[in-house]
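Here the structure is laid out as structure tokens; the discussion comes afterwards.
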Amino acid sequence: MLPQPLKIAMISVHSCPLGKLGSRDTGGMNVYIKELAHELSQKGNMVDIYTRTEPEHGGVIEIADNIRVIHLGLGSDDEIPKLAIYAYLQYFICGMENFRKSRDINYHLIHSHYWLSGLIGKQLKSWWNIPHLCMFHTLGAIKNSIGIGEDEPELRIESERDIVQEADRIIAATERESQELIAYYGAPAHKIGVIPCGVNTKIFNHIDKYSARQRLGLDHENIILFVGRIEPLKGLRRILEALPLMKTEKPSRLMIVGGDEHNKDELAILRTMSQELRIEDRVTFIGSVAHDTLPLFYGSADVCVIPSYYESFGMVALESLACGTPIVATDVGGMRNIISSKEVGYIVDNNSPHQLASRISDILSINGNSKKNTILRRERAQKFSWSNIADRVLAQYQNALEHEIVSL
Ligand code: UDP
């Protein structure tokens, strides 16, 4: 039996779960932490999320009953780049300990997210003498093996290797990630629990395409949607190259949701590419959109495309399905789990423009948005409810706590 309430110290040092989504370092992991914390608190537990202070947020914010986001300074300028946070981890650890002491809390376990937080969890595990569960969200060695975007430093890879050895449990989002943890990091297989990510079907719900388009001021052309952070690994350049290859009756528009001033270099490359490909009048850069406004975009699209080279899971796919819109995705992250039939979408072996164009054209050329298909897609998404995911995470917590008792 788990203690009630279970007191969980969640760590997300490099990125605040309240940050603007679709920005540089703010995406799926932030949604994951907030949704999971919400479900854990609904099930009677207490979650403290520790993160760094950023200009928009500071102090202790109670975001719901029994969920606090605790912003801690890093001992210096808080706007330092992600990797430089490494130098300030000891300040952060002291900040966590001071907060814990001042509120007289004894946590039952630590749940860390991403390697920088994993290092904190590793140290606090021995300090507080409680189990540490980690989730990496992305793995440095895999990013390097793909070779797109900036190289991840050896420091990260070595740290990830240390964390997998020390952690009590490792949560992987897919069977593929579990295999990668074993092959690239020597992670002990018995420590890994595979739990997919979820989708909030209260936010992501079906909206009639006509009214969604009216609200966004869109007309009747084919709409291909991309949603995500703007970085080379997301494969946006490939989808731009795919656009001129598509053979459809109606003209097609690519709507790119995500990105802000932090991504101006990559956005400039994409804009130049659109001009060179002579498709600039068929590509709309929307910028980042608030999470709860996104259903309008999914609802107005004919197809959502995920042309990534790498995804740890790919929550956008579930959000699209929950809104009734089919997907074309590369064979990354959780897509093999999510895309179960052609009514739901297509997986392409890789993000070559020809493959993407061919499958997107297939979807656009049939009237795939019948009521029956919309229901099928929503049913698929509903299998990934956050409530189920939280139950599975709680089972991992239980496993870690039981193991701790046995080994005392
Ligand atoms: N997102 C958002 N607004 C944006 C862009 C993205 O709310 O403008 C959200 C999107 O809805 C999804 C998350 O950011 O929940 C991206 O998660 P995903 O797992 O697809 O990608 P990751 O960020 O983990 O690479």
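What the table below lists for this structure:
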item: Search result, residues across region 39-58 that are surrounded by fewer than 19 Cβ atoms within 10 Å (Cβ to Cβ) and either assigned to a strand (DSSP E or B) or free of Cβ contacts under 8 Å to residues at least 24 places away in the same chain (or both); result: Glu54, His57, Gly58
item: Members of region 142-183 found to be touching a strand residue (DSSP E or B) at 6+ places or on another chain (Cβ under 8 Å), in a helix (DSSP H, G or I) and not acidic (Asp, Glu), listed by number; result: Ile163, Val164, Ser178, Leu181, Ile182
item: Region 282-305 residues that are under 24 Å from Pro244 (Cβ atoms), paired with ones that are basic (Lys, Arg) (beta carbon under 7 Å, 6 or more apart); result: Arg282/Arg253; Thr284/Arg253; Ser300/Lys209; Ser300/Arg213
item: Selection from region 113-137 of residues that are surrounded by 20 or more Cβ atoms within 10 Å (Cβ to Cβ) and among the hydroxyl-bearing types (Ser, Thr, Tyr); result: Tyr114, Ser117
item: Conditions (1) within 16 Å of the ligand (Cβ to nearest atom); (2) over 23 Å from Gly324 (Cβ atoms); (3) part of a helix (DSSP H, G or I); number of the one not met by Pro244; result: (1)
item: Any hit, region 5-28, residues being outside any strand (DSSP E or B), surrounded by 19 or more Cβ atoms within 10 Å (Cβ to Cβ) and more than 16 Å from the ligand (Cβ to nearest atom); result: yes
item: Hits in region 64-84 (condition: of a type in the set (A, V, I, L, M, F, W, C) and buried (at least 18 other Cβ atoms within 10 Å of the Cβ)); result: Ile67, Val69, Ile70, Leu72, Leu74
item: Number of the condition not met by Ile203 [criteria: (1) assigned to a loop (DSSP other than H, G, I, E, B); (2) out of contact with any His (no Cβ under 9 Å at 6 or more places or on another chain)]; result: (2)
item: Leading residue by the ranking (nearest to Glu152 (Cα to Cα)) among those in region 93-124 that are hydrophobic (A, V, I, L, M, F, W, C) and touching a Gly at 6+ places or on another chain (Cβ under 8 Å); result: Trp115
item: Scan of region 171-187 for residues that are touching a Pro at 6+ places or on another chain (Cβ under 9 Å) and under 12 Å from Cys134 (Cα atoms), ordered by number; result: Ala173
item: Yes/no for Arg213 being at pLDDT 95 or above, assigned to a helix (DSSP H, G or I) and in contact with a His (Cβ under 9 Å, 6 or more places away or on another chain); result: yes
item: Single condition Leu356 does not satisfy, out of (1) surrounded by 23 or more Cβ atoms within 10 Å (Cβ to Cβ); (2) within 16 Å of the ligand (Cβ to nearest atom); (3) not basic (Lys, Arg); result: (2)
item: In region 29-38, the residues that are touching a Pro at 6+ places or on another chain (Cβ under 7 Å), touching a residue at least 24 places away in the same chain (Cβ under 8 Å) and within 11 Å of the ligand (Cβ to nearest atom); result: Lys34
item: Test result for Ile363, more than 18 Å from Lys383 (Cβ to Cβ), modelled with pLDDT under 95 and surrounded by 22 or more Cβ atoms within 10 Å (Cβ to Cβ); result: yes
item: Counted residues, region 92-125 - those being in a loop (DSSP other than H, G, I, E, B), without any contact (Cβ under 8 Å) to a residue 60 or more places away in the chain and under 17 Å from Thr138 (Cα atoms); result: 0
item: Long-range neighbours under 6 Å by Cβ, at least six apart or interchain, first residue closer than 14 Å to Ser23 by Cβ within region 226-239, second of a type in the set (A, V, I, L, M) and near the ligand (Cβ under 8 Å from one of its atoms); result: Val227/Val257; Val227/Val316; Gly228/Val316
item: Matching residues, region 382-403, being touching a Gly at 6+ places or on another chain (Cβ under 9 Å) and either part of a helix (DSSP H, G or I) or farther than 19 Å from His113 by Cβ (or both); result: Ser385, Trp386, Ser387, Asn388, Ile389, Ala390, Arg392, Val393, Ala395, Gln396, Asn399
item: Failed condition for Lys371, given (1) within 25 Å of Ile195 (Cβ to Cβ); (2) free of Cβ contacts under 8 Å to residues at least 12 places away in the same chain; result: (1)
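One line per residue, one yes/no per condition, for (1) surrounded by fewer than 22 Cβ atoms within 10 Å (Cβ to Cβ); (2) over 19 Å from Gly22 (Cα atoms):
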{"residue": "Glu280", "(1), (2)": "yes, yes"}
{"residue": "Thr284", "(1), (2)": "yes, no"}
{"residue": "Gly287", "(1), (2)": "yes, no"}
{"residue": "Val303", "(1), (2)": "no, yes"}
{"residue": "Gly324", "(1), (2)": "no, yes"}
{"residue": "Met335", "(1), (2)": "no, yes"}
{"residue": "Val344", "(1), (2)": "yes, yes"}
{"residue": "Lys371", "(1), (2)": "yes, yes"}
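The values are calculated or read from the model by the stated rules, or taken from the named source; none is laboratory data. Quantities reported herein were computed from a predicted structural model and do not represent experimental measurements. Please note: Cβ atoms are built from the backbone with ideal geometry, for glycine as well, and neighbour counts cover all protein chains shown.
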